[in-house]
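What follows is a single structure, written as structure tokens, with notes after it.
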Amino acid sequence: MIRTRVKTFKHRVGKNKFLVVKVFQAATAKARSGNALATNALNIKISKRKKHH
């Protein structure tokens, strides 16, 4: 993996709030002999923050 950049945005439509996650990735793979695989797999964990009163 060469580069991974993640941007998150919150949008509100009426009473609903939406979380938009944009992921930009770049990967390369090289091999002298045999097979090389550049995977674009991604794991995202979204957790809710506690509100402080």
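Some notes on this structure:
- A cut-off of 5 Å between modelled amide H atoms, ignoring neighbours fewer than 5 places along the same chain, links Ala27 with Ile2.
- Of Ile46, Ala26, Thr4, farthest towards positive along the dipole that unit charges on Lys, Arg, Asp, Glu beta carbons give the chain: Ile46
- A 1.4 Å probe run over the protein chains yields, for the chain, 113 Å² of accessible area per residue, whole-number rounding.
- Taking the protein heavy atoms of the chain in the context of the full set of protein chains, the accessible area attributed to carbon and sulfur is 49 percent at 1.4 Å.
The values are calculated or read from the model by the stated rules, or taken from the named source; none is laboratory data. The structure presented is a predicted model; accordingly, all values stated were derived computationally and were not measured. Quick reminder, even Gly has a Cβ in these numbers, built from the backbone with ideal geometry, and neighbours come from all protein chains shown. All accessible areas refer to the heavy atoms of the entire protein, side chains included, with ligands and DNA or RNA removed. Shrake-Rupley method; radii C 1.70, N 1.55, O 1.52, S 1.80 Å.
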